[in-house]
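Down below is the structure, laid out as structure tokens.
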Amino acid sequence: MIGYIRKWTKWMLCLAALTLVAGTVLPAMAADAPKPDPSGAATGGIADIIGASAGAPTDNDIKSMSDKEPLAAKVADTVGHNRIAINTVWTLVCGFLVMFMQAGFAMAETGFTRAKNAGHTMAMNFMVYALGMLGFWLCGYAIQMGGAGPFATLGGAATMNSEYTIKLFGKEFGLFGTKGFFLSGGAYDAAAFSMFLFQMVFMDTTATIPTGSMAERWTFKSFMVYGIVVGAVIYPLYANWVWGGGWLAKLGSNFSLGHGHVDFAGSSVVHMTGGVLAFVGARMLGPRLGKFNKDGTPNAMPGHHIPMAIVGCFILAFGWFGFNAGSTLAGSDLRIGVIAVNTMLASAGGAFASTMYMWLLYGKPDISMAANGFLAGLVAITAPCAFVTAPVAVLIGVIAGMLLCVSVFFVERTLKIDDPVGAISVHGVNGAWGVLSLGLFADGTYGDGWNGVPGTVKGLFYGDASQFLAQCVGTLTNIVYVAAIGYVVFKILDLTLGLRVDPEHEFEGLDQHEVAVVAYPDFNLRNFPR
């Protein structure tokens with residue numbers, strides 16, 4: 001194991017050196033090559049005020065006018081710079097909101113687990129932020145966005161322009177980006193840095209989802225390795241295929257499947273990826289001690305702090321406004337109002353439906369199911385939030401809330417998988433429902449030119465069956481890819497570091513044995529469910 005780490009470290013140092021050479025020396029050799037703009041002073045100008053409508057003046061028109069009207073040119077340059085500044089501030093503030101969702105995840109997952117493991121669950125939710133970020137900085141960002149530049153709404157990052165592709169059926173299939181390693185070279189650019197922050201916090205949401213399904217029995221050492229790998233490789237590859245200009249995004253231009261696989265803010269890229277990883281990890285770990293009887297019937301293991309979990313869900317909902325509306329990457333895009341309201345409505349629909357489902361079938365409303373239904377609605381609306389009407393947003397949320405309840409019982413009672421917080425059902429099942437619902441309900445009022453395809457995004461019920469097919473292809477790809485790479489990663493960790501804690505340690509509580517700090521040192525935890 002030590003020898004492997006040494007070889008891996010040497011390889012990464014060589015890669016860093018090559019990246020720095022490629023990002024600094026080679027661009028300098030080409031006079032016309034785009035250059036990064038770390039200060040942001042040269043980002044945004046005349047070209048950024050040009051409209052996309054027919055008959056609008058072109059960049060060359062403005063420049064020719066500037067020769068005769070220097071003051072007008074200066075004013076135009078300032079207006080363009082300010083437009084990019086507005087979009088950059090919007091993107092960063094929304095990124096800050098999404099970062100705060102990590103606190104929501106920590107509280108929700110910890111509240112839904114038992115007191116003797118509260119410190120361990122909190123520790124995983126805390127450290128996954130740092131570990132995932134380092135992996136994403138190391139190579140994940142380059143893999144995801146290295147070929148996606150320039151970022152038009154942010155006015156820069158023209159240097160992020162290299163995508164590794166293969167040719168099949170006479171078409172190019174983008175697989176991963178090749179620029180931006182260590183945020184160096186051509187990635188040392190104001191727009192590229194802003195995009196890194198926004199994309200990193202999305203990745204971190206994916207990374208933290210399995211900490212819920214695998215809670216109360218996952219060794220901290222194997223979790224630490226997972227935290228880096230998910231940010232460095234697992235998440236960025238699929239994200240590249242959808243958001244980085246990869247092959248799923250090109251299903252429209254290459255094969256006339258709508259606008260390609262469309263996922264506005266991450267139902268598949270973020271949540272479904274996390275949900276599939278949660279499924280694979282929880283299945284490999286096995287159930288917690290005492291979860292199932294010999295006849296296979298499950299035993300309830302209630303969370304120790306439901307108020308904490310509910311507050312965590314509200315924090316998540318608050319951050320979700322940055323998640324969804326921020327995905328415009330432009331404060332100047334007035335669709336943000338529609339996106340934000342659709343997000344709210346879907347969450348309400350999910351909470352209502354899950355509450356009524358439990359009340360009607362089991363005699364009482366279940367607040368934990370209501371909270372997860374609330375999140376399920378948010379997960380489902382994340383992909384279609386920009387493309388659907390308000391009544392459809394409510395419908396998507398209602399279906400998500402019911403799917404959540406059905407899935408939780410199916411996962412536990414039929415598949416015999418122990419998921420302490422319902423992560424598989426909230427994020428995996430409803431992530432899939434979210435992208436499929438876009439393929440059904442996108443109403444054609446938004447998304448002109450999405451993924452390079454002319455026209456707005458329309459779903460099956462609005463005349464474009466091919467868009468629904470593209471959504472199906474993206475969903476199946478996610479399941480196959482994430483399940484396969486997740487299995488390999490977790491299996492390697494199980495064989496090398498060990499994936500599951502010792503039974504004795506699990507019985508006594510992971511706070512005692514895994515993280516050194518006990519969450520509730522003044523409590524007699526013997527009175528809590530074990």
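The values are calculated or read from the model by the stated rules, or taken from the named source; none is laboratory data. A quick note: this is a predicted structure, and the numbers were derived from the prediction, not measured. Note: ideal-geometry Cβ built from the backbone for every residue, glycine included; neighbour counts use all protein chains shown.
Brief remarks follow.
- Segment 433-447 - residue that is in contact with a Phe, Trp or Tyr (Cβ under 8 Å, 6 or more places away or on another chain) and not in a loop (DSSP other than H, G, I, E, B) and, of those, farthest from residue 272 (Cα to Cα): 443
Residues are listed down the side, and each one gets a yes or a no for (1) buried (at least 24 other Cβ atoms within 10 Å of the Cβ); (2) touching a strand residue (DSSP E or B) at 6+ places or on another chain (Cβ under 6 Å); (3) over 30 Å from residue 286 (Cα atoms):
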residue	(1), (2), (3)
167	no, no, yes
170	no, no, yes
178	no, yes, yes
187	yes, no, yes
201	yes, no, no
204	yes, no, no
209	yes, no, no
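- Filter pass, residue 295 being buried (at least 24 other Cβ atoms within 10 Å of the Cβ), of a type in the set (Asp, Glu) and at pLDDT 95 or above: no
- Scan of segment 447-466 for residues that are in contact with a Leu (Cβ under 7 Å, 6 or more places away or on another chain) and not hydroxyl-bearing (Ser, Thr, Tyr), ordered by number: 459, 460, 461
- Residue among 451, 430 that alone is crowded, with 20+ Cβ neighbours inside 10 Å, of a type outside the set (D, E, K, R), touching a residue at least 60 places away in the same chain (Cβ under 8 Å) and on the phi > 0 side of the Ramachandran plot: 451
- In segment 486-505 there is at least one residue that is of a type outside the set (S, T, N, Q), modelled with pLDDT of 95 or more, touching a His at 6+ places or on another chain (Cβ under 9 Å) and in a loop (DSSP other than H, G, I, E, B).
- Filter pass, residue 213 being crowded, with 23+ Cβ neighbours inside 10 Å and either at pLDDT 95 or above or among the hydrophobic types (A, V, I, L, M, F, W, C) (or both): yes
- Verdict on residue 515 being over 28 Å from the mean Cα position of the chain (by Cα), in contact (Cβ under 8 Å) with a residue 12 or more places away in the chain and over 30 Å from residue 324 (Cα atoms): no
- Only one entry in 104, 140, 149 is more than 21 Å from residue 212 (Cβ to Cβ), within 22 Å of the chain's Cα centre (by Cα), part of a helix (DSSP H, G or I) and not basic (Lys, Arg), namely 140.
- Here the condition is being buried (at least 21 other Cβ atoms within 10 Å of the Cβ) and within 29 Å of residue 481 (Cβ to Cβ); of 256, 267, it holds for 267 alone.
- Number of positions in segment 126-135 that are crowded, with 24+ Cβ neighbours inside 10 Å and either within 18 Å of residue 100 (Cβ to Cβ) or in contact with a strand residue (DSSP E or B) (Cβ under 8 Å, 6 or more places away or on another chain) (or both): 2
- Any hit, segment 164-185, residues being under 15 Å from residue 243 (Cβ atoms), in contact (Cβ under 8 Å) with a residue 40 or more places away in the chain and part of a helix (DSSP H, G or I): no
- Residue 101 being in contact with a strand residue (DSSP E or B) (Cβ under 8 Å, 6 or more places away or on another chain) and crowded, with 22+ Cβ neighbours inside 10 Å: no
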